[in-house]
There are 2 protein chains.
Amino acid sequence: MQKNKSQEGLTVKKEENFSEWYTQLITKAELADYTSVSGCIVFRPTSWQIWEKIRDEVDKRLKKMGVKNVYFPLFIPESLLKKEQEHVKGFAPEVAWVTHAGNTKLQERLAVRPTSEAIMYESYSKWIRSWRDLPLKYNQWSNVVRWEFNNPIPFFRTREFIFNEGHTAFATKKEAEEEADKIIGMYKEILENYMAIPGIIGKKTDKEKFAGAEYTMTIENYLPNKKAIQGPDFHHDGQNFAKAYDIKFKDKNGKEDYVWQNTWAISTRMLGVMFALHSDDNGLVLPPKIAYNKIVIIPIGFEKDEKVMKKAKEIEKQFSKYEPILDDRLEVTPGYKFHEWELKGIPLRIEIGPKDLEKNQVTIISRDNLNKQEVKIKYLDKFVEKELDNIQERLLNNANKLLQSALDKAENLKDALKKIKDQKLVLVPLKNSEKVEDILKEKTNGAKTLNIPLTQPSIKGKKCIISGEQADYWVYVGKSY
Amino acid sequence: MQKNKSQEGLTVKKEENFSEWYTQLITKAELADYTSVSGCIVFRPTSWQIWEKIRDEVDKRLKKMGVKNVYFPLFIPESLLKKEQEHVKGFAPEVAWVTHAGNTKLQERLAVRPTSEAIMYESYSKWIRSWRDLPLKYNQWSNVVRWEFNNPIPFFRTREFIFNEGHTAFATKKEAEEEADKIIGMYKEILENYMAIPGIIGKKTDKEKFAGAEYTMTIENYLPNKKAIQGPDFHHDGQNFAKAYDIKFKDKNGKEDYVWQNTWAISTRMLGVMFALHSDDNGLVLPPKIAYNKIVIIPIGFEKDEKVMKKAKEIEKQFSKYEPILDDRLEVTPGYKFHEWELKGIPLRIEIGPKDLEKNQVTIISRDNLNKQEVKIKYLDKFVEKELDNIQERLLNNANKLLQSALDKAENLKDALKKIKDQKLVLVPLKNSEKVEDILKEKTNGAKTLNIPLTQPSIKGKKCIISGEQADYWVYVGKSY
C-alpha cells in the first residue's frame, strides 16, 4: 500500500493561510509545477485540458462573430515596438530581449512579444487599403512573455502566459465601440457558465487602462483571500495605433482615414482564479462543465467479485461522454483512491461494491459538498446529468455570494478606508485624475481602482473622496493582484 | 471594377521558375506574408485554418492513444540545455538567446526553445518514480525557434515554426520501439488522407539522425521542383536523455533503471509541401478534406434577378457544413471572382445565373482540373459530395505518380551520379559511415541520404557505391531541402 492521506493531501487550511494552501493545491493536485526558469510554470495535463476547453469554447464563439485566426511571429524588432510611445513605455521594462543567435550578435535586439500590436499592425498597414478590407477581425492564440519583477504566482502572474489576442480594425469609431458588448458579453458567458466565476463589468480609469488604449473595459473577479483580480479585458484603441503604424483606408468616396481599432484577451490567469475560487481543504474543486474527466468510478472488492468490475465497466461505457476514470488499481485501498480523486477534483465519484450490487444501486459523492447519495442504477443516467448541473449551479451561487458579500459603498475617505481595511471592494465617488489615484493608493496601503461599473448610481453632487471636488464617477476600489 | 487578372494572378509558371512561382503563390494566395523579422512569417487565415485542422486531427488520434497534452516554458536555461552533449551540439549554433529582461542583464542566458527535451526532462526526472508512472505519454503544440542561416523559405524553412512535440517514456526498450509504427502510421494517414501527400517511410542514417537520438524514422516527401523534403519524424532516444537528465524508475521488483524515450513531431513545414505539391499556374490547389472553405458560390446577374440570389442562398445553407463562401460583391465582375477564388484555391466553384435557373441546374468547376460540369439542382447534394472526394483522390494520385516517377535505383557510383543529376531519388547500397556520406555529398554536389526505406531489397553481396566494401543497407540519396 502507498503513502497515506497525511502525506499526500493539503496540510494547511484555505482560511488560515491562503497563499500556502494555493501553492500546495497547484502542486499536489498536479495542476502545474515549477521549473528552473524562474517565474515560468509547466501546465500539467489537468490544467492544460481545461485551457484547451476554454480555448475551444471561446474560439467557436469568435468564429461565429466572423473572427479569423492568424499567427504572427514571436519576435518584434526593437524599432518596431517603439513606434507607439505609450505602448512601449508600458511594456519595455518587462521585455525579454533576444540579442544573439548562435554565436552571432544580432544587429537589432528582438523583443519576445509581450503582446502583438506592433508586429501585427505593421502587416495591417500593408493589408488594409480600402473600405472593402474592413472590418478586419483577426485573433491569435499565443504565448507572451512579460518579465515581471514582482513575486510570480502560478497562473495568476507568470512571466510567460498564454492568451487569445483579438485585434480588430473598423472603418468607424461607432462600429469599433459596438464590439465591446459582444466581446465582454462572450467572456462573461464563458466565465459564468463554464468556469462559475462571477465578476464586475466596468471601465478602467485612465490611470489603469492598457498602454496605448483610449479606454479599457474589464471583468474584475474576486478571490477567497479577499483580493480582486483582473479578468478578461477589451481595449478600444481609437486611432492611436493606426496613426503610429500608419493603417489607413480609402472610404467609398475615396477619402482616406485611419482605422479604428480594438484588442481583447482572456488568459491562462483565469485557470488560477477558478482553482482558487472553488477548491477547498481537501483539494481541487472544478465546475463540471470545464472538467475533462467528470466522473471517477471506484469498484470496491472487485478482486473477489467479478460482477463488481463488470458493472463498473458498464457504467464507464454508459458515461463515456464524460471521460470517466475507472480506477482499478489493486495496489492502493479504496480510501486512498477517494482521497486522491478528491484532491484532483473529479466532480462525481461513483462507488460500487458487492452490497451496492445486491441492492441494484451505487453510491455517489459530489465533490463540491462531499454529499453522499445512494442511487438506483436504473435512475443513474438522469441522476448523474442532474447532479453535474447541480454542482455547476452551486459553485456559481457560492462564488456569487462571496462576491456580493465583498461589495460595499462609501462616500467619504474615512468610511472608505475602514471598509478597504475590512477587505471590501468599495464603490466610491472619485475624480478622473492620476494624482488622486496616487494619493488613494498611498492612503490605503496599496488599494487601487478596479473599474467604473457599467451601472452607475447618480454622481450628481457627490464629492471625490480624495480631492473634495465634484466626482467624475463611482469606481470600485480595493486590494488587487 | 477592380484590377484585372494580369495584375493579381501568378506571373511565372511553376515549371519554368519554381522558386519564384512558390513565392508568388504564398503571397498572392494570401497564405503567408513576410514581416520585418527576417526569416519569420505571418500565417494568414487560409494557412492557419489548415494548420488548425491538422492539429485537431492529429490531436484526436493522439488522445485515443492515451497521449496527454501539456505546456512547458518557452525558455531553457543554458546550463540545462547543455546536459546532453550530442543534443546541444546539434542545436546550439541556431539558438536565439535571451540575455536581458527590461534593463536587467540575466544571470544566465535563456535559450528560446529549439525543441523541448531539456526543459521537459528536468520535470520528468521529478515526476517519474516507479513503474506505476509509466508509460508517460505527453505532447505539446508549441512554437520553436531555430535561427538557421540558410536562406529561409516560407513554411519550408522558417526561423520560428509550430509543431507538435511528443515526448514519451517507457519501462522497456521494446515498448518504446513499438510506438514507432503507431506514430509514423498516424502521420502517414494524415499526410495521405488529408493532405494528399505520399512519402517514403524509412530510417535515417546515423549521420542524419536527430541530435541525441539512437535512431530516427522519417517520412520523406518529394516536391515538383524535384527535391526531397523531410516530413514528420519519430526518434527513439534509447536511454540517452534519461541518463543525461537522470530519469529513473523502480520496477515492480524495486530495481532501479533509466526510462526509454521517444520523441516525434509534425510541423508547419507540411503546409508548404502541400501548397507546392498541388498548386498550379492559376494559384492554390487544396485537397478538399483540408480546405476550410470547400465551396464558393457565385451568383451571376443577381442584381437584376432576385431569384438568382434566393437560390444561391439556399445552396449556401444546403452546404453549410462545407463553410461555403457566397460572393455577392457588386463592385467586381464574375470573371474577376472566378480568378480570385481559383488563386485562393477553393476546391469547388458553383456558378448560378438566370439561364441555369431556367434549366434547374448550376455550373460546377473543380479547382484541380478546371473541368466544368452542368448539374441538375436535384442531384447537387450527391454530386458535390462525390466530386469533393474525386478531387481528393486525383490530387493524391497525381502526387503519387510524381513520387513514383522520381524513384530510381543504382548499384554503382557512375550510374548513381547520372541519376542524381537527373534529379531522381536513387536507392543505392551504402556503408553506415559518416565519412562515406561526406564523400557522397561532395561527389554529388550536395545530395544527401534521405532514409533507409523499411522495405529493403537484399543487401547480400552488394558493394557500397563509395567505399566498395560490403554495403550495410539500401538508402535513398537525392537533393533535399
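In the assembly of identical copies, residue B:65 has its label point, taken 7 Å from Cα in the direction of the beta carbon, separated from the corresponding points by 3.6 nm (ascending, one decimal).
If we hang a label 7 Å off Cα along the beta carbon direction at residue A:439, how far is it from the matching labels on the other copies, in nm, shortest first? Computed spacing set for this position: 8.8 nm. Surface analysis of the range A:245-322 yields an accessible area of 42 Å² per residue, using protein heavy atoms and a 1.4 Å probe. Treat chain B as a sphere of radius equal to its Kirkwood radius over Cα pairs and apply Stokes-Einstein at 4 °C in a medium of 1.567 mPa s; give the translational diffusion coefficient in µm²/s, rounded to a whole number. Rounded, D is 52 µm²/s. Checking every one of the GluC sites (Glu not before Pro) in the range A:325-373 against DSSP loop status and a limit of 13 other Cβ atoms within 10 Å picks out A:331. A helix-only calculation puts chain B at -10500 deg cm²/dmol for mean residue ellipticity at 222 nm, using -39500 (n - 2.57) for each DSSP H run of at least four residues, averaged over all residues.
Between residue B:19 and residue B:360, the modelled label-to-label distance comes to 5.7 nm, taking each label 7 Å out from Cα in the direction of the beta carbon. Burial annotation for the range B:117-143: residues with an accessible-area loss of at least 30 Å² between the isolated chain and the complete set of protein chains, computed on heavy atoms with a 1.4 Å probe, are B:122, B:126, B:127, B:132, B:143.
Report relative contact order for chain A in percent, whole number only (criteria: Cα-Cα under 8 Å, sequence separation at least 6).
14 percent
Calculate how many DSSP beta bridges within the protein assembly as shown are antiparallel, expressed in % of all such bridges and rounded to the nearest 5. So the antiparallel bridges in the protein assembly as shown amount to around 85 percent.
How would you classify the range A:28-181 from its alpha-carbon gyration tensor, with a ≥ b ≥ c the square roots of the eigenvalues: rounded for a/c under 1.5, else prolate if a/b is greater than b/c, otherwise oblate? Oblate, because a/c is 1.5 or more while a/b does not exceed b/c. When only Cα pairs below 8 angstrom with a gap of at least 6 residues are kept, the range B:198-341 shows a relative contact order of 14 percent.
The heavy atoms of residue B:131 present about 80 square angstrom of accessible area, all protein chains included, probe 1.4 Å. Cross-link check: pairs A:182/A:250; B:14/B:419; B:173/B:250 evaluated at a Cα-Cα cut-off of 21 Å; pairs beyond the cut-off: A:182/A:250; B:14/B:419. Applying 1/(1 + (r/R0)^6) with R0 = 56 Å to the Cβ-Cβ distance of residue B:470 and residue A:307 gives a FRET efficiency near 0.35. Between A:98, B:315, A:150, the Cα set farthest toward the positive side of the dipole of the protein assembly as shown (charges on each charged residue's Cβ, about the Cα centre) is that of B:315. Quotient of the Cα radius of gyration of the range B:232-338 and 2.2 N^0.38 Å, N being its number of residues: 2.06.
Among the GluC sites (Glu not before Pro) in the range A:396-453, those placed in a DSSP loop whose Cβ has at most 15 other Cβ atoms within 10 Å are A:411.
Over every Cα atom in the range B:373-459, the radius of gyration and the widest Cα-Cα span, Dmax, amount to 21.1, 67 Å.
Mean separation of Cα pairs under 8 Å and 6+ residues apart, divided by the residue count of the range A:367-481: what relative contact order is that in percent? Spell out each step's value before the answer.
Working: 154 pairs, mean separation 28.8, N = 115.
About 25 percent, as a whole number.
Taking chain A as the reference, fit the longest principal axis to its C-alpha atoms, fit the long axis of helix A:434-443 to the helix C-alpha atoms, and give the angle between the two in degrees, 0 to 90, nearest 10. Rounded to the nearest ten degrees, it is 40.
Each of residue B:439 and residue A:104 was given a label point 7 Å from its Cα along the Cα-to-Cβ line. The distance between the two points is 3.3 nm.
Shape of the range A:147-204 from the C-alpha gyration tensor: oblate (a/c of 1.5 or more and a/b not above b/c, with a ≥ b ≥ c the square roots of its eigenvalues).
Of the solvent-accessible surface of chain A, computed with a 1.4 Å probe over protein heavy atoms with every protein chain present, carbon and sulfur atoms account for 46 percent. Considering only beta bridges that DSSP places wholly inside chain A, some 85 percent are antiparallel. Annotation for the A:B interface, with buried accessible surface near 4800 Å², both sides summed [1.4 Å probe; non-protein components not counted].
Taking 30 Å as R0, compute the FRET efficiency from the Cβ-Cβ separation of residue A:329 and residue A:27 and round it to 0.05. Rounded to the nearest 0.05, the efficiency is 0.85.
Translational diffusion coefficient, Stokes-Einstein: compute it for the range B:93-155 using the Kirkwood radius over C-alpha pairs as Rh, at 10 °C and 1.306 mPa s, and state it as an integer in µm² s⁻¹. Approximately 107 µm²/s, per Stokes-Einstein. Is the shape of the range A:35-125 rounded, prolate or oblate, going by the alpha carbon gyration tensor and its root eigenvalues a ≥ b ≥ c, with a/c under 1.5 for rounded and a/b larger than b/c for prolate? Oblate, since a/c reaches 1.5 and b/c is not below a/b.
For chain B, give the magnitude of the charge dipole about the Cα centre (Cβ charges: +1 Lys/Arg, -1 Asp/Glu; no others), in debye to the nearest 20.
Magnitude of the dipole: close to 520 debye.
Exceedance of the 31 Å cut-off in Cα-Cα distance is limited, within the set B:203/B:226; A:83/A:421; A:60/B:188; A:188/A:248; A:68/A:313; A:317/B:382, to A:83/A:421; A:188/A:248; A:68/A:313; A:317/B:382.
Distance between the pseudo-spin-label points of residue A:89 and residue A:374 (7 Å out from Cα toward the beta carbon): 7.0 nm. Every Cα-Cα pair in the range B:345-390 was counted, and those over 14 Å apart are 45% of them.
Interface burial in the range B:47-72, defined as at least 20 Å² less accessible area with all protein chains than with the chain alone at a 1.4 Å probe, covers B:48, B:49, B:52, B:55, B:63, B:68, B:69, B:70, B:71. Site-free segments of chain A were taken between trypsin sites (Lys or Arg not before Pro) in DSSP loops having at most 11 other Cβ atoms within 10 Å, sites themselves excluded; the longest one is A:4-251. Convex hull volume per residue, computed on the Cα atoms of the protein assembly as shown, equals 201 Å³. What angle, in degrees between 0 and 90 and rounded to the nearest 10, separates the Cα long axis of helix B:269-278 from the longest principal axis of the Cα atoms of chain B? Around 40 degrees separate the two axes. Each copy carries a label point for residue A:85 at 7 Å from Cα toward Cβ; from one copy, the others' points are 5.7 nm away, ordered from shortest.
The values are calculated or read from the model by the stated rules, or taken from the named source; none is laboratory data. None of the values given here were measured: they were computed from a predicted structure. Ideal geometry is used to build each Cβ from the backbone, glycine not excepted, and the neighbour counts take in all protein chains shown. Accessible surface is based on the protein model in full, side chains and every heavy atom, while ligands, DNA and RNA are left aside. Shrake-Rupley method; radii C 1.70, N 1.55, O 1.52, S 1.80 Å.
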